[in-house]
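Please read the structure below before turning to the comments.
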Amino acid sequence: MSAPQFSPYISFPGNAAEAFEYYREVFGGELDLMKYEDFPDLSGFPFTPPPGSVAHAQLDGGLVTLAGGDAIAPPGDELPPLGSDVYSFLVGLDTVDAATALIEKLTSTGSEVAMPFELAPWGDHYGQVKDRFEVLWALVVPGQQQA
């Protein structure tokens, strides 16, 4: 029996292929991406996916493990925006330099700092970056690891 696995899953509004290529470049790892048109037969499927839609993507082996795909709204419905302050994905790093380098990589590719990365009152370095897909990434370096 294998160990349980946990992976955040993001349903993108039609741009999952672009987002996952971006995350592969930023975070590293191996990307497995399958589009609906890769399926041999969609007969009996409950909806007709738009051309190029991602059925499932999985990014493994880099700084993060992340899964997702393109959300498909029922006819006449709109997909909700991804941007929200009610969730974030927390990335723990070993050093302030590593976190600063990741923030630079994100902001140089269209992300914006949502909260400056600095020493927090609880002793860790902490900050947030909202990427160009409106996903909020929180970065932390534990206080005891900074010396």
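Coordinate-derived values only; no laboratory data. Computed from a prediction, not measured in an experiment: that's the story for all the values here. Neighbour counts run over all protein chains shown; Cβ positions are idealised from the backbone, glycine included.
Computed from label points 7 Å out along Cα-Cβ, the spacing between residue 56 and residue 104 is 3.8 nm.
Under the convention that each Lys and Arg Cβ holds +1 and each Asp and Glu Cβ holds -1, the size of the dipole of region 61-147 around its Cα centre is about 140 debye. Sorting 108-116, 76-84 by average packing, meaning the other beta carbons within 10 Å per residue, from highest down gives 108-116, 76-84.
For residue 41 and residue 6, the FRET efficiency from 1/(1 + (r/R0)^6), where r spans their Cβ atoms and R0 equals 41 Å, is about 0.85.
Set the Cα radius of gyration of region 89-145 against 2.2 N^0.38 Å, with N its number of residues, and you get 1.04. Summing charges over neighbours of residue 141, with a neighbour being any other residue whose Cβ is under 13 Å away from its Cβ, gives -4 when K and R count +1 and D and E count -1. For the peptides 85-97, 18-30, residues were scored by their other Cβ atoms within 10 Å and the scores averaged per peptide; the highest-first order is 18-30, 85-97. Taking one quarter of the surface of the C-alpha convex hull of region 9-70 gives a mean projected area of 4.2 nm².
The dipole here belongs to the chain: it is taken about the Cα centre, uses +1 on the Cβ of Lys and Arg and -1 on the Cβ of Asp and Glu, and is about 160 debye.
For the chain, the Kirkwood hydrodynamic radius comes to 16.9 Å, computed from all pairs of different C-alpha atoms. Excluding residue 18 itself, calculate the net charge of residues whose Cβ lies under 12 Å from the Cβ of residue 18, where each Lys or Arg counts +1 and each Asp or Glu counts -1. Combined, the nearby Lys, Arg, Asp and Glu give -2. Place +1 on the Cβ of every Lys and Arg and -1 on the Cβ of every Asp and Glu in the chain, take the dipole about the Cα centre, and give the residue among 110, 120, 16 whose Cα lies farthest towards its positive end. Final value for the positive-end residue is 120. For the chain, the longest principal axis of the alpha carbon atoms and the long axis of helix 96-107 meet at an angle near 40°. Our summary gives region 83-147 a relative contact order of 42 percent, counting only alpha carbon pairs under 8 angstrom and 6 or more residues apart. Region 58-77 and region 87-147 have their alpha-carbon centroids 22 Å apart.
Net charge in the neighbourhood of residue 49 (other residues with Cβ under 14 Å of its Cβ; Lys, Arg +1, Asp, Glu -1) is -3. Label-to-label distance, residue 144 versus residue 119, with points set 7 angstrom from Cα along the beta-carbon direction: 1.9 nm.
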